[in-house]
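For reference, the structure I am asking about is given below.
Just so it is clear, none of the values below were taken in a lab; they were calculated from the coordinates. As the structure is a computational prediction, the values presented were derived from the model and not from experiment. A quick note on method: Cβ atoms are made from the backbone with ideal geometry, for glycine too, and the neighbour counts reach across all protein chains shown.
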Amino acid sequence: MAQVFNFVERFSQVSDTSVAGKSASEMTAQARGIDPLTTAAIINGTDKYGYHDYTPNYFRVLKHLRDRPLRLLEIGVGGYSDEDRGGESLAVWRDFFPMAQVTGLDIQKKTLPLGPRVHIVQGSQVDAEFLASVEAARGPFDVILDDGSHRNEHVVETFRLLFPGLVPGGIYLIEDVQTSFFPRFGGSLELTQPNSVGLFAQAMTQLSGDRDGIFDDVASIERFHNMIVIHKSPASGARRNLDASPHLLRAGEGIGDRPVKVALVGGAKLPAAFAGRDVEIIQPDWSAEWGQGPLAGLDLIVAELDTPKRSKKSSRSAGGAKVGEDTLRSLIGALRTDGGVLVVTATDPARDLAADSPVMQFAQQRFIEVDHREMRVHFPDVAIDELATQIHTIERTPDALLFVKAPNDWPSNFGYDARNPQAAEALANIRAVLAHSDVEGGLVQLLQIENRFGTPEDTRALEEKLGSMGATARRYFEHAVAQAQRRHDQARVGALLTRALENYPADPGFSAGMARHLIAERRQEDAMRVLKEGLAKTPSHRVLNQLMSKVLVAQGDIEAALPFAREAAARTPRDQRPPLQARYAKMLTQVGKWAEAERYAARAVDVTPNNDELLAALEYVRTRKPDLQ
Ligand SMILES: C[S@@+](CC[C@H](N)C(=O)[O-])C[C@H]1O[C@@H](n2cnc3c(N)ncnc32)[C@H](O)[C@@H]1O
């Protein structure tokens with residue numbers, strides 16, 4: 001963690017544009033065009049970039065808030081049941097927002113040294129009373145991010161509980177919404193409610209008309225791969241202006257010195273953001289030859305749906321009801337493929353952008369299919385529209401709808417594929433940014449990436465670098481121990497586990513590893529001491545109990561081994577339990593506890609009938625029981 005704080009100092013002391021004082025990593029990132037939020041994600045080692053494509057999108061959505069003294073709440077600290085694991089994303093928010101107070105919320109207890117601006121609270125994301133107390137103590141929040149359980153009913157309930165207290169103009173972010181399609185998270189292909197993508201896709205269609213109560217204060221909704229962003233109105237009834245949208249500005253990004261090619265359709269006006277820019281404007285008809293000649297590779301199309309009254313006056317206009325799926329497909333087809341933007345506005349949004357209008361029906365389906373890659377994880381045969389890989393962003397305000405056309409094919413951690421061009425580019429970015437870094441968080445995350453996708457030489461070199469830095473991250477020890485075990489380098493295994501246990505004395509995995517190492521070294525007494533210490537901290541740990549039983553049996557003390565063998569069997573997943581139960585029943589017979597052995601084996605057979613090992617154990621006990629002999 002010391003290295004993390006070094007980075008924080010450097011990072012917060014320099015402004016974005018200054019070169020002097022920037023770390024080599026930051027300068028590399030800047031040279032490669034990587035935004036500062038993604039840079040912080042790489043350096044701190046969160047999977048919000050790499051295995052996911054969140055941070056570039058977050059940067060667009062959040063960059064204007066960077067120097068504000070805001071209050072940010074993230075649900076889900078990470079690291080699950082390990083008290084001292086996780087917190088990578090909290091470190092990113094802390095570093096990216098130098099004036100922010102950051103609150104992390106997790107159902108598990110967390111003790112992480114993240115500095116004075118980060119505060120972690122323990123509780124459930126669906127406990128209304130607890131959330132109210134967090135808001136009272138640490139809120140009101142300007143930004144809320146739900147990266148918690150990802151269960152659909154939780155995501156929806158948490159939004160209902162927390163959105164009302166979000167400050168006016170605040171931003172609510174939801175990650176990993178692809179779980180909307182995953183049965184084990186309560187998801188389904190039919191988006192059976194409560195379902196996060198289903199709920200927000202519908203809410204998006206209703207923004208210009210009657211809304212479900214909680215959506216009254218929604219100014220806009222944005223959709224990206226695996227995530228949804230909800231903007232709260234700055235004041236009651238206030239509307240968000242699409243002219244200020246960072247996604248609209250993408251239309252002019254990366255085009256060099258040439259003019260922005262804009263098509264205005266149906267009486268649409270040039271958005272204010274492009275006033276004074278070098279633009280080349282054409283005004284084609286709705287029915288023009290979209291995708292041909294000058295109507296191909298457009299940077300921006302603004303199309304205004306017109307009411308019938310106005311359409312009578314203008315030959316270029318079309319009633320919203322007449323503009324359907326085919327027209328929208330033609331317009332999107334005419335955009336350039338790396339950031340072209342289509343904006344659909346309407347003179348009468350309540351009619352032409354109504355929930356049941358063809359435009360909104362089209363948008364709703366595209367909103368769902370943004371997660372096409374993950375939909376296929378559980379439902380490989382699902383029919384997906386070919387546009388899904390090209391719609392990068394959808395933004396909806398009450399009076400407009402925006403599509404960004406750009407590659408949307410990043411494989412998330414579900415079904416990850418490192419050969420995918422977008423994923424490969426992200427890995428190259430991570431490697432380049434961390435080439436000269438000495439920040440442990442990022443390097444440890446990279447170590448895991450190299451271990452999966454890199455060469456053995458690169459992985460080894462990185463492991464050695466971390467070793468020579470005196471790395472103390474748990475993931476570093478786990479990796480290095482596994483590698484030393486693979487090489488049968490017992491001396492290194494012992495040395496690493498000694499250091500790991502100095503840093504993580506309560507970690508049952510390291511205790512178990514050390515006990516195994518000592519058993520292999522025939523140091524039974526030392527193994528016993530390590531196991532006793534480990535079991536004092538985690539009495540129910542399956543492996544520790546199993547090893548303790550094994551050591552005691554090896555010493556001939558079966559009586560003493562019994563409670564550990566029983567606990568180990570009880571803590572083993574049901575499908576793997578029978579061999580341990582059979583062994584325990586036999587251990588009971590070895591110390592003359594025949595009646596107990598019979599009861600135990602019979603109960604195990606009751607729970608898992610037809611298991612050969614258990615049936616044999618029961619048979620063994622019954623046929624050899626002293627009173628039957
Ligand atoms: C995906 S991890 C968070 C990762 C972290 N935000 C990051 O990007 O580094 C999810 C976390 O949510 C926590 N969690 C699960 N169910 C929860 C609940 N009902 N309430 C609060 N937190 C929960 C888990 O303990 C876990 O640490």
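Rounded to the nearest 10 degrees, what's the angle between the helix 358-369 long axis and the longest principal axis of the chain, both from Cα atoms, 0 to 90?
Between the helix axis and the principal axis of the chain, the angle is about 30 degrees.
On C-alpha positions alone, give me the angle between the axis of helix 2-13 and the longest principal axis of the chain, in degrees, nearest 10.
The helix 2-13 is inclined about 20 degrees to the chain.
Right, something else. Report the far tail of the P(r) of the chain, meaning the percent of Cα-Cα pairs longer than 38 Å.
Values: 88755 of 197506 pairs.
Result: 45 percent of Cα pairs exceed 38 Å.
Taking one equal scatterer on every alpha-carbon of the range 242-405, how large is log10 of I(q)/I(0) by Debye at q = 0.17, 0.18 1/Å?
With no solvent term, the Cα-only Debye profile gives -1.00, -1.12.
With the contact rule set at Cα under 8 Å and sequence spacing of 6 or more, what percent relative contact order holds for the range 421-572?
Working: 132 pairs, mean separation 18.9, N = 152.
Relative CO of the range 421-572 lands at 12 percent.
Could you work out the relative contact order of the chain? I mean the mean sequence separation of Cα pairs under 8 Å and 6+ apart, divided by the number of residues, in percent. Walk me through the numbers before you get to the answer.
Numbers: 1097 pairs, mean separation 63.7, N = 629.
For the chain, the relative contact order is 10 percent.
Let me ask another. Quick one: P(r) of the range 573-629 from all Cα-Cα pairs, 10 Å bins, percents rounded to integers, in order of increasing distance.
Binned Cα distances yield the sequence 28, 56, 15, 1.
If you don't mind, another one. Give 532/586; 586/625; 110/532 a once-over and call out the pairs whose C-alpha atoms are over 22 Å from each other. Write down the numbers at each step before the final one.
On the way: 532/586 24 Å; 586/625 11 Å; 110/532 25 Å.
Check vs 22 Å cut-off fails for 532/586; 110/532.
With unit charges on the beta carbon (Lys/Arg positive, Asp/Glu negative), name the residue among 274, 359, 251 whose Cα is farthest towards the positive pole of the charge dipole of the range 242-405.
Checking the options against the dipole of the range 242-405, the answer is 274.
When averaged across all projection directions, what area in nm² does the alpha-carbon convex hull of the range 2-232 cover?
Working: hull surface 50.8 nm².
With every direction weighted equally, the projected area is 12.7 nm².
How big is the shadow of the Cα convex hull of the range 357-475, averaged over all directions, in nm²?
On the way: hull surface 41.6 nm².
Dividing the Cα hull surface by four gives the mean projection, 10.4 nm².
So if I place +1 on the C-beta of Lys and Arg and -1 on the C-beta of Asp and Glu, and nothing else carries charge, what would the dipole magnitude of the chain be about its Cα centre? I want it in debye, nearest 20.
My answer is approximately 860 debye.
Taking loop as defined by DSSP and a crowding limit of 13 other beta carbons within 10 Å, which GluC sites (Glu not before Pro) in the range 142-244 fit? Don't jump to the answer; show the numbers that get you there.
Numbers: sites: 153, 157, 175, 190, 222; in loops: 175, 190.
In loop regions of the range 142-244 (DSSP not H, G, I, E or B), the sparsely surrounded GluC sites (Glu not before Pro) are 190.
Continuing with the same structure: Given the pairs 261/405; 269/322; 48/537; 48/109, which are separated by over 24 angstrom at their Cα positions? Working shown, then result.
Details: 261/405 15 Å; 269/322 20 Å; 48/537 33 Å; 48/109 22 Å.
Over 24 Å apart, Cα to Cα: 48/537.
Mind grabbing the base-10 log of I(q)/I(0) for the range 487-611 at q = 0.16, 0.19 Å⁻¹? Debye formula, identical points on the C-alpha positions, no solvent, two decimal places.
-0.79, -1.00
Let me ask you something else. Compute the relative contact order of the range 2-232 as a whole-number percentage, counting only Cα pairs closer than 8 Å that sit 6 or more residues apart in sequence. It would help to have the intermediate numbers written out before the result.
Working: 392 pairs, mean separation 30.9, N = 231.
Answer for the range 2-232 is 13 percent.
Between the range 112-139 and the range 21-81, what is the separation of their alpha carbon centroids in Å?
21 Å
Considering the zone a paramagnetic label at residue 296 would reach in this model (a point 7 Å from Cα along the Cα-to-Cβ line), which residues of the range 336-370 have amide N under 18 Å from it?
Counting backbone N atoms under 18 Å from the label point, the list is 336-341.
I need the calculated FRET efficiency for the pair residue 488 and residue 461, taking r as the beta carbon distance and R₀ as 25 Å, to the nearest 0.05. Can you show the working numbers first?
Working: r = 21 Å, r/R0 = 0.84.
It comes out at approximately 0.75.
Report P(r) for the range 143-196: all Cα-Cα distances, bin width 5 Å, range 0 to the bin holding the largest distance, values in whole percent.
Bin by bin from 0 Å, the calculated values are 5, 22, 30, 19, 13, 7, 3.
How many percent of DSSP beta bridges within the chain run antiparallel, rounded to 5?
On the way: 26 of 60 bridges.
The answer is about 45 percent antiparallel.
Continuing with the same structure: Let me have the 222 nm mean residue ellipticity of the chain computed from DSSP H runs of 4+ only, each contributing -39500 (n - 2.57), with the sum over all residues rounded to the nearest 500. Please list the in-between numbers first.
Working: 26 runs with 282 residues, N = 629.
Rounded to the nearest 500, the figure is -13500 deg cm²/dmol.
Using the 10 angstrom Cβ neighbour count as an exposure proxy, how do 384, 43 rank, fewest first?
Values: 384 15, 43 31.
Listed from fewest to most nearby Cβ atoms, that is 384, 43.
OK, next. Would you please state the base-10 log of I(q)/I(0) at q = 0.24, 0.25, 0.28 1/Å for the range 65-133, with intensities from the Debye formula using one equal scatterer on every alpha carbon?
Reported log10 I(q)/I(0), two decimals: -1.02, -1.07, -1.22.
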